[in-house]
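Undergrad: I have a structure here, written as C-alpha cells, and I will follow up with some questions on it.
The values are calculated or read from the model by the stated rules, or taken from the named source; none is laboratory data. Note that the coordinates shown come from a computational prediction; the quantities given were computed from them, not determined experimentally. Every residue, glycine as well, gets a Cβ built from its backbone with ideal geometry; the counts of neighbours run over all protein chains shown. Surface areas here come from the heavy atoms of the whole protein model, side chains and all, with no ligands, DNA or RNA. Shrake-Rupley method; radii C 1.70, N 1.55, O 1.52, S 1.80 Å.
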Amino acid sequence: MVSPRTVRNLKRELGRSALAKVGIALVVAVLLVAVLAPVLAPHHPLKQNLGESQLPPLGFSAVTNETTSEMVNGSIEVVQRERQVDASLSHPLGTDSLGRDMLSRIIYGARTSLLVGLLGTTLAVLIGVTVGLTAGYYGGKVDDGLMRVSDVMLAFPSLVLAIALIGLLGGASLRIPDPIVAAGVEPGMPPNIVLPGTVIVVVALVNWVWFARVARGEALSVRSEEYVKAARALGASDASIILRHVLPNSLTPILVLATIQIAAIILLESSLAYLGFSGANLSWGFDIAQGRQYLSTSWWIASLPGLAIVLAVVGINLVGDWLRDALDPGIEGEGGV
Amino acid sequence: MSLGRFILKRALQGVFVIWGVVTVVFLLRFVTPGDPITFIAPLDASPALRQRIAAELGLNKPLYVQYFDYLAELVRGDMGYSYISGTEASARIFARLPATVELAVVATLVAVALSIPLGVVSATRRHEPADYAATTFSLAGISTPNFWLGIMLVLVLSVQFDLFPTSRRALGFVDALGYLAQGNPNGLIVWAKYITLPAITLGTYFTALITRLTRSGMLDELGKSYVRATRAKGLPESLVRYKHALRNTLIPVITVLGLQLGSLIGGAVITEAVFAWPGLGTLVINSINARDWPLIQGCLIVIGTSFVVVNIAVDALYAYVNPRVVYD
C-alpha cells in the first residue's frame, strides 16, 4: 500500500531535514528504552530504600531536614537537623522520597507512556475511521447523525471528559508477563507489565473524533470518483468498496494525524497520572506529582520525569512534521490535548 | 445569507449541541457504577432512610421523568443542590467561574499578543537566528506538559528567587479594580503577581501552537502570486505583509483556535490543580472524587456550553475576517 513515490518523498524530506533525523533518533531511543527496560534499569523501579531517600543526581548535593527522636538528658526529644546528602554512583539520577531509583523509574515510565500512546491511538483510529468512513461514504442522515455526535463529543475537553470517565468508572489494569523477565534474563525485575486498561480505552474514547472528521472528509471526496462508481457498477458491496478503495486513499492523512495524536495522548496520560486518575504507579506524570511535594528540598524528583516526557514528545512531533512535510496530506493535524 | 442570519443559524445548531451535552451529562450518572445514595447516606443508614433520601432527591422516579425534571429545572437555572454541602450547585459553580475565565482570558491574550508577531518574524526572517529561536520555542512549547512547566516555573521563580507566590489566588480582577477605583493600585499588583505563573503555564502551549500556524501560514501566503502582484505594484513591504499576507494567514489560525478551545479548558483544569487556583477545574475534580452529581453535571454543562458559545463567536469572527466565507 506504500507507493514507491511515497517512499521517495519520505527519503527526500529526511535527507533535507536535520530535525527529522533528530526526531527519528529520539523515537527509536524511547522505543528501545521501553522495550529493554528490565535490562537497562539499574534497580527495581518499585523497590523502596528509606535509608537512601532523596539522594540528588550525580554532580549535585543537597541539604535535607531530618527529624529524629533522640534521648537528650534522659528524655526523648524530637530533633531537627540539617543533613548534607551527596550523590551516589549507584543512583545516577538520584532517588525519590521513598528511596526508589529515579533512573529506573524513568526507564519503566517510558513503557507506560508508549503503551498508552500507541494502544490508545490504535483504538481511537479504529473507532474514528470506522465512524468517519461510514458517515462520509453514506452521507445523508447517517452522516448528519454521526457528525452531531462528534460535535457533542468535541464540546467536552478531552482531559475533562477523561477525568470524569476514569473518576466515575474506576481504573482497571491488566497485567501481562514481561517476556524479558519471563525468559530469566533479569529475574530481579518486575515480572509483569501493567497495562492501564481504563486509561487506554478512555483516551481513545475522547480522541476518536479527530480521526472521524479526517476520515469523513476523505470519504466524501473519494466517493464520487470514477473508480468508486465503476466498482459499484461492477456490483461490489459497500463494505468492500470502503475497505478496498476509500480506506487506502485516506491512509496518509490518518497516519499523519495518528503520529501527532500519539504525542497528544502521551501528554494526556501524563496529565491524568499527575492528577491521580490513571491508577499507574510507574508513570512519568505520577512521579511529577510525587515530586511536587518535595520541590523545595529535592528538585530532581519532579524535574527529571518531565524532561523525559518532553524528549519523547518532541521526538514524536518531529517525526509527525517529517511525515506531514513529506506526504503533504493537507490537514492542519493538531489534535487536542 | 447575511452575517446576522448566519450567526442565528449557528446559534440554533448550538442549542442542539448543548441539548446533546446536557443529555450525555445526565446519562453519565446512569452508566457509571455506584449508587449515588451510597455516597450521601450515612454508612449505617437503614434501608428505610436510604429510600427516604432517594425519594427526597427524586432518585426513585423512572429515568425519563428524572430526565424531564432535570431539563425543566435546568431551563430555570436550577442545577440542584450539592450532595455534600447542601448548597445550590449553580451558586457554587458561578462563584468559581470568574477565576477560570480570568485565567483563560489572560492566557489567551498573552498567547495571541506574543505568538502572531513571533510567527510573522519567524516567517519573514526564514533561516535567520530569530526564526530558529521561534521554531525551537514553538516545538518545545507544544511538547511540554503544561503542569510540569508550571511546577518548573514554581521551582525557579517562586522557590529559588521568591518572585511570585507558589499557588492560590489572592483576589479577583473585579475586586482589584474596586481597590483601584478607591485609589489603591496594590490590589492590581497583587492580582497580577498571583495570575502570572498560572497564565504562563496555561498560555505556553497556545503561544507555541499559534506561532507554528502563523509561521507556516505566512510562508504559504508570501509565496502566492497576489503577494508578488502587490509588491510589483510598489506597495511598501510592511503593507504587503500585514495588510495582505497576515490577514489571509489569520483565517486558518482562527479555525484551529476555535477547535483548540477544548484544550484551553482542559489545560485550565490541570493548571488550576497545580496552582490550587479556585476555579471550575478544581471544583470539577473535587466533585468527581466525591461523586457529587449535581456539581459534576453542572460543571460539565457549563464547560460544554461555554465551548459551544465561544465557538459560535469564533465562527462570527471568522466570517468577519474572511469575506469569502460562504454562510452555509
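Undergrad: Working with all protein chains in place, sort B:Val101, B:Val174, A:Val203 by solvent-accessible area computed with a 1.4 Å probe, largest first. Working shown, then result.
TA: Details: B:Val101 70, B:Val174 115, A:Val203 0 Å².
Ranked from most to least accessible, the order is B:Val174, B:Val101, A:Val203.
Undergrad: Can you give the accessible area of A:Asp238, probe radius 1.4 Å, in Å² rounded to 10?
TA: So the heavy atoms of A:Asp238 present about 60 Å² to solvent.
Undergrad: Right, here's the next one. Go through region B:147-231 and name the trypsin sites (Lys or Arg not before Pro) that are in a DSSP coil and have 15 or fewer other Cβ atoms within 10 Å of their Cβ.
TA: On the way: sites: B:Arg168, B:Arg169, B:Lys193, B:Arg212, B:Arg215, B:Lys224, B:Arg228, B:Arg231; in loops: B:Arg168, B:Arg169, B:Lys224.
Passing both the DSSP loop test and the Cβ count: B:Arg168, B:Lys224.
Undergrad: Wrap a convex hull around the Cα atoms of the protein assembly as shown, take a quarter of its surface area, and give that in square nanometres.
TA: Values: hull surface 162.2 nm².
Result: 40.5 nm².
Undergrad: Test of understanding: express the Cα radius of gyration of region A:73-154 as a ratio to 2.2 N^0.38 Å, with N the residue count.
TA: Working it through for region A:73-154, the quotient is 2.31.
Undergrad: For Cα pairs less than 8 Å apart in space and 6+ apart in sequence, what is the mean separation divided by the residue count of region B:98-321, i.e. the relative contact order in percent? Can you show the working numbers first?
TA: Details: 247 pairs, mean separation 60.8, N = 224.
Over region B:98-321, the number comes to 27 percent.
Undergrad: Something else about it: Whole number in Å², please: accessible area per residue of the protein assembly as shown, 1.4 Å probe, ligands, DNA and RNA not counted.
TA: On the way: 30860 Å² over 665 residues.
I get 46 Å² per residue for this part.
Undergrad: Shifting gears a bit: Let me check the size of region B:98-321 from its C-alpha atoms; what are the radius of gyration and Dmax in Å?
TA: In Å, with Rg to one decimal and Dmax whole: 20.0, 67.
Undergrad: Cut-off 10 angstrom, C-alpha nodes, Gaussian network model of chain B. Which of B:Ser167, B:Ser158, B:Ser85 fluctuates the most?
TA: B:Ser85
Undergrad: Right, next: Take B:Phe16, A:Phe286 and sort them by solvent-accessible surface of the protein heavy atoms, 1.4 Å probe, largest at the top.
TA: The most accessible residue leads, giving B:Phe16, A:Phe286.
Undergrad: Show that you can apply the helix-only estimate: for the protein assembly as shown, add -39,500 (n - 2.57) for every DSSP H stretch of four or more residues, divide by all residues, and state [θ] at 222 nm to the nearest 500. Walk me through the numbers before you get to the answer.
TA: On the way: 26 runs with 447 residues, N = 665.
Only helices count here, giving -22500 deg cm²/dmol.
Undergrad: Which FRET efficiency value, to the nearest 0.05, do you get for A:Val79 and A:Leu174 by plugging their Cβ-Cβ distance into 1/(1 + (r/R0)^6) with R0 = 30 Å? Display every interim value, and only then the final one.
TA: On the way: r = 47 Å, r/R0 = 1.58.
Computed FRET efficiency for A:Val79 and A:Leu174 comes out at 0.05.
Undergrad: May I pose another question? Indicate the residues belonging to region B:254-283 that lose 50 Å² or more of solvent-accessible heavy-atom surface (probe 1.4 Å) upon moving from the chain alone to the assembly of all protein chains, ignoring ligands and nucleic acids.
TA: Listed in order, they are B:Leu259, B:Ile270.
Undergrad: What are the ³J(HN,Hα) couplings of region A:281-296, residue after residue, when phi is run through the Karplus curve with 6.51, -1.76, 1.60 and θ = phi - 60°? Round to Hz, x for glycine and proline.
TA: 10, 10, 8, 4, x, 4, 5, 5, 4, 4, x, 3, 6, 10, 4, 7
Undergrad: Percent of Cα-Cα pairs more than 17 Å apart in region B:148-274, please.
TA: Details: 5524 of 8001 pairs.
Taking all Cα-Cα pairs of region B:148-274, the fraction more than 17 Å apart is 69 percent.
Undergrad: At a 1.4 Å probe, what is the % contribution of carbon and sulfur to the accessible area of chain A? The partial results should precede the final answer.
TA: Details: 9200 of 14970 Å².
On chain A, the fraction of accessible area on carbon and sulfur atoms equals 61 percent.
Undergrad: I would also like to ask the following. Largest first, how would B:His244, B:His127 line up by accessible area (1.4 Å probe)?
TA: Details: B:His244 50, B:His127 120 Å².
Most to least solvent-accessible, the answer reads B:His127, B:His244.
Undergrad: Continuing with the same structure: Which parts of region B:2-50, residue by residue, lose 20 Å² or more of accessible area when the rest of the protein chains are there, as against the chain isolated (1.4 Å probe)?
TA: At a threshold of 20 Å² (probe 1.4 Å), the residues of region B:2-50 that become less exposed are B:Val17, B:Val21, B:Val24, B:Leu28, B:Thr32, B:Pro33.
Undergrad: Same structure again: Residue by residue, what Karplus-based ³J(HN,Hα) values in Hz, rounded to whole numbers, does region A:217-223 have, using 6.51, -1.76 and 1.60 with θ = phi - 60° and x for Gly and Pro?
TA: x, 5, 4, 4, 6, 8, 5
Undergrad: Which whole-Hz couplings ³J(HN,Hα) result when phi for each residue of region B:308-321 is put into the Karplus expression 6.51 cos²θ - 1.76 cosθ + 1.60, θ = phi - 60°, listed in order with x for Gly and Pro?
TA: 5, 4, 5, 5, 5, 4, 5, 4, 5, 4, 4, 5, 6, 6
Undergrad: On to the next question. Which lysines does B:Lys193 reach when only Cα atoms under 19 Å apart count, and residues fewer than 8 places away in its own chain are ignored?
TA: By straight Cα distance, B:Lys193 reaches no lysines at all.
Undergrad: Sort out for me the Cα centre separation of region B:1-48 from region A:125-180, rounded to whole Å.
TA: Between the Cα centres of region B:1-48 and region A:125-180 lies a distance of 18 Å.
Undergrad: I'd like the interface area for chains A and B: accessible area of each alone minus the complex, both sides summed, 1.4 Å probe, protein heavy atoms only. What is it in Å² to the nearest 100?
TA: Working: alone 16960 and 17870 Å², together 30860 Å².
Separately minus together, A and B give about 4000 Å² buried.
Undergrad: Pull up the cross-link candidates among the lysines for B:Lys233, meaning alpha carbon to alpha carbon under 29 Å and not fewer than 8 places away within one chain.
TA: Here the lysines satisfying the reach criterion relative to B:Lys233 are B:Lys224, B:Lys243.
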